[in-house]
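These notes concern the structure reproduced below.
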Amino acid sequence: MQQIAVPIAKKGRETERVAPRASFAQKPETLKIEENLPLDAASSPEAEAFRQEIIHVGRKLWERQYVDGNGGNISVRLGSRYVLCTPTMLSKADLEPADICLSDLDGNILAGDRTRTSELLLHLEIYKANPRARAVVHCHPPYATAFAVTGTTPPSGLITEYEIFIGPPAVAPYETPGTKAFAETVLPFVMDHNTILLTNHGIVCWADTVMHAEWLVEIFETCCKTYLLAQQIGKPLSFIPESKIQEILALKRRLGFPDARLHDVAIPAEGTNAELERLVEQVTARLEDRE
Ligand SMILES: [Zn+2]
């Protein structure tokens, strides 16, 4: 049955800063809103927390100059049936709770009085293809987009943080933004890559939370910038030794991070390497904000 879009209550229209949720290693929480009607889901405490997180991340994207004009968009899954997303034609610096739309997985707006971003189709394809993706951030950071307009990526093996959280990113071919064909360009890559360059356009990142998807944008943009600066020094690049890359891949497998290289390497079984176990615990604690 066709749902009628309804405005989200204007309460809390003044945006307050809240601590974003953090749980890279944590399993996505099971929301008890699966059976709820869209309006109930849209006004649930979970939805309210997600709206605040989207607003917070939108502000960060704008302050870091990763979005321009009304560019970029953010979404998060709400239970198994719904998605909260940013609207079209609004700067990510100016978002308020009532601006955030509630959509189903087909892109139908169920709550909210603004028009959703046309690029929600891209987010929905990612959610439908990879259930581990619970949040998606798409934006146009200048250094990453510089690579996107050449259809290339920075080389792997230069920066540890980049190797752990991202690894070699994919490059999706060009299509007209906002179309279904554009949304589907990422499908071959979305299981093995949490960061995908969109040729002649920008990047898209998925993660377990909105904040973590934005972290991936930061890490990728910083890597692109650092690589370009390093080339100006005029000295040969120093690459991480292959044996150490294998250690990083073992860590990634334990942490459940995607990386296309994991298909090709033998990784020690859980519990057979005490040093690796300690590293996993350290990174997990950091991601869960326990240290
Ligand atoms: Zn875009």
Express in nm, to one decimal, how much length is gained between residue 278 and residue 179 on full extension, taking 0.36 nm for each residue of separation and deducting their alpha carbon distance. 31.1 nm
Given all pairs of different Cα atoms, what value in angstroms does the Kirkwood hydrodynamic radius of the range 90-234 take? 15.8 Å
If each residue's Cβ is checked for other Cβ atoms within 10 Å, how do 193, 201 rank with the fewest at the top? 201, 193
Which shape class, rounded, prolate or oblate, goes with the range 194-284 when its Cα gyration tensor gives a ≥ b ≥ c as root eigenvalues, a/c under 1.5 marks rounded, and past that a/b bigger than b/c marks prolate? oblate
Rounding to the nearest 20 debye, state how big the charge dipole of the chain is about its Cα centre with +1 on each Lys and Arg Cβ and -1 on each Asp and Glu Cβ. 240 debye
Pairwise label distance in nanometres, residue 265 with residue 132, each label 7 Å out on the Cα-Cβ vector: 1.5 nm
Kyte-Doolittle mean at least -0.5, axial Cα span of 30 Å or more - DSSP H helices of the chain: 210-233
Could you point to the residue in 202, 84, 50 farthest towards the positive end of the chain's charge dipole, with +1 and -1 charges on the Cβ of Lys/Arg and Asp/Glu respectively? 202
Take 37, 78 and order them by how many other Cβ atoms sit within 10 Å, fewest up front. 37, 78
Placing unit charges on C-beta atoms (Lys and Arg positive, Asp and Glu negative, everything else neutral), compute the dipole magnitude of the range 89-221 about its Cα centre in debye, rounded to 20. 220 debye
Counting pairs of alpha carbon atoms under 8 Å apart in space and at least six apart in sequence, what relative contact order in percent does the chain give? 19 percent
Protection proxy (average C-beta count within 10 Å per residue), highest first, orders 203-212, 115-124 as 203-212, 115-124
Which of 226, 213, 122, positive extreme of dipole for the chain (C-beta unit charges): 226
Where nothing but the Cβ of Lys and Arg (+1) and of Asp and Glu (-1) is charged, how large is the charge dipole of the range 31-141 around its Cα centre, in debye to the nearest 20? 360 debye
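Quick note: the coordinates plus some simple rules give every number you see, no bench work behind them. Predicted model, so just to flag it, every value in this text is computed and none were measured. Every residue, glycine as well, gets a Cβ built from its backbone with ideal geometry; the counts of neighbours run over all protein chains shown.
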